[in-house]
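Here's the structure we're looking at; comments come further down.
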């Protein structure tokens, strides 16, 4: 296996010059730099990770943390986000280390191993995560980025989904197809994405003159203060169908909830979309295989992961820059359910 010493000998330069080129630091004449790069390519040299850490102070590792509840309930969504980070990491020869954390998180007992042993340069936190973990990272000055989450009153680096405009567009789609009694089914508003989707739903109804008081809005809203799941979709449909008149469309806070809603509607032998239309949010793989195919808002999950990786590396390299929030747009995918 080639070493820095071998590269230096072949290029006819000092070991310190090779180190400067490898780490892109200091001034090296263009002609000399090219000699070193040619020698590296010729000898197919790749620095070992321990050697790189010693030279740069960086591990080349990025942590990816997800709450256990998200991993079980909406794993299809965040697994694609993780994959997006993994794709981006390959181009920089970085590694993404995945772990889950419990909701009752205690840094003294539950700290992920890669944080305990200081084996990452930064951390991406996907979805709803324990605030105690965020506070730990903040106090320890460990670079981190929130993905699809935000903490009210705190200004952290975030990659967000355009939840409000996506929801507004979903309702607009239903209105243009003649739907007038559009219900909402969702989970906890503790997750800011769900809260923003409800805000987009509500303001779209107001814009198109479909609600004129809070009582009417409440009549067609079903929300549980728990994590989203197909069972909420089932229970939400069962509750909303007791209203008179019954809704002629339902906007669900995400696709797993929409799949549960479809199951309950079909159980009652109500026709989709003839009698009631259903729209979801996220465009998980199941949305394009269920019956009927689900109309939904496509979230570019790979892009979320890639942008999170890029932003996190910027934070690692320039820790004193002001926090940023980057918003990733969504697109309506019209299918059979509407």
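With respect to (1) in contact with a strand residue (DSSP E or B) (Cβ under 7 Å, 6 or more places away or on another chain); (2) assigned to a loop (DSSP other than H, G, I, E, B), the lone exception for residue 257 is condition (2). If you go through the stretch 122-141 and keep only what is under 18 Å from residue 89 (Cβ atoms) and modelled with pLDDT of 95 or more, you end up with 122, 123, 124, 125. Residues of the stretch 140-182 that are closer than 14 Å to residue 199 by Cα and assigned to a helix (DSSP H, G or I): 163, 164, 165, 166, 167, 168, 169, 170, 171, 172. If the condition is being under 23 Å from residue 80 (Cβ atoms) and surrounded by fewer than 16 Cβ atoms within 10 Å (Cβ to Cβ), then the stretch 315-325 contributes 324, 325. Looking for whichever is modelled with pLDDT under 95, closer than 19 Å to residue 329 by Cα and either within 25 Å of the chain's Cα centre (by Cα) or not assigned by TED's automatic domain parsing to the domain that holds residue 147 (or both) here; the options are 173, 191. Which one fits? Step by step, each of 173, 191 is checked, and only 191 is modelled with pLDDT under 95, closer than 19 Å to residue 329 by Cα and either within 25 Å of the chain's Cα centre (by Cα) or not assigned by TED's automatic domain parsing to the domain that holds residue 147 (or both). The residues listed here are 32, 17, 59; of these, the one that is under 26 Å from residue 315 (Cβ atoms), modelled with pLDDT of 75 or more and touching a helix residue (DSSP H, G or I) at 6+ places or on another chain (Cβ under 7 Å) is 59. Take the conditions closer than 18 Å to residue 82 by Cα and either touching a residue at least 24 places away in the same chain (Cβ under 8 Å) or not in a strand (DSSP E or B) (or both) and apply them to residue 311. Does it pass? Judged against the criteria, residue 311 is a match. Taking the stated definitions as given, is residue 272 touching a strand residue (DSSP E or B) at 6+ places or on another chain (Cβ under 9 Å), within 18 Å of residue 166 (Cα to Cα) and not in a helix (DSSP H, G or I)? In short, no. Taking the numbered list (1) exposed (fewer than 14 other Cβ atoms within 10 Å of the Cβ); (2) in contact (Cβ under 8 Å) with a residue 40 or more places away in the chain in turn, residue 328 passes all entries but (1). Restricting attention to the stretch 275-284 and to residues that are buried (at least 16 other Cβ atoms within 10 Å of the Cβ) and out of contact with any strand residue (DSSP E or B) (no Cβ under 6 Å at 6 or more places or on another chain), the residue that is nearest to residue 168 (Cα to Cα) turns out to be 282.
On the basis of being buried (at least 19 other Cβ atoms within 10 Å of the Cβ), within 30 Å of residue 144 (Cα to Cα), in the same structural domain as residue 250 (by TED's automatic domain parsing) and modelled with pLDDT of 95 or more, does residue 200 make the cut? Yes. Within the stretch 285-332, the set of residues being assigned by TED's automatic domain parsing to the domain that holds residue 265, touching a strand residue (DSSP E or B) at 6+ places or on another chain (Cβ under 9 Å) and farther than 24 Å from residue 165 by Cα comprises 292 only.
Results for (1) crowded, with 17+ Cβ neighbours inside 10 Å; (2) more than 20 Å from the chain's Cα centre (by Cα); (3) at pLDDT below 95; (4) on the phi > 0 side of the Ramachandran plot, shown as yes or no for each residue.
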{"residue": "104", "(1), (2), (3), (4)": "no, yes, yes, no"}
{"residue": "111", "(1), (2), (3), (4)": "no, yes, yes, no"}
{"residue": "156", "(1), (2), (3), (4)": "yes, no, no, no"}
{"residue": "161", "(1), (2), (3), (4)": "yes, no, no, no"}
{"residue": "166", "(1), (2), (3), (4)": "yes, no, no, no"}
{"residue": "178", "(1), (2), (3), (4)": "no, yes, no, yes"}
{"residue": "183", "(1), (2), (3), (4)": "yes, yes, no, no"}
{"residue": "187", "(1), (2), (3), (4)": "yes, no, yes, no"}
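On the stretch given as the stretch 206-237, residues that are touching a helix residue (DSSP H, G or I) at 6+ places or on another chain (Cβ under 6 Å) and farther than 24 Å from residue 285 by Cβ total 4. Taking the stretch 13-22 as the range and being in contact (Cβ under 8 Å) with a residue 12 or more places away in the chain and over 9 Å from residue 39 (Cβ atoms) as the test, the residues that pass are 17, 19, 21, 22. Among the residues of the stretch 193-229, the one identified as within 20 Å of residue 67 (Cα to Cα), out of contact with any strand residue (DSSP E or B) (no Cβ under 8 Å at 6 or more places or on another chain) and assigned to a helix (DSSP H, G or I) is 195.
Taken over the stretch 238-253, residues that are touching a strand residue (DSSP E or B) at 6+ places or on another chain (Cβ under 7 Å) and either part of a helix (DSSP H, G or I) or modelled with pLDDT under 95 (or both) amount to 2.
The values are calculated or read from the model by the stated rules, or taken from the named source; none is laboratory data. Because the structure is a prediction, the values reported are computed rather than measured. Note that each Cβ is placed from the backbone with ideal geometry, even for glycine, and that neighbours are counted across all protein chains shown.
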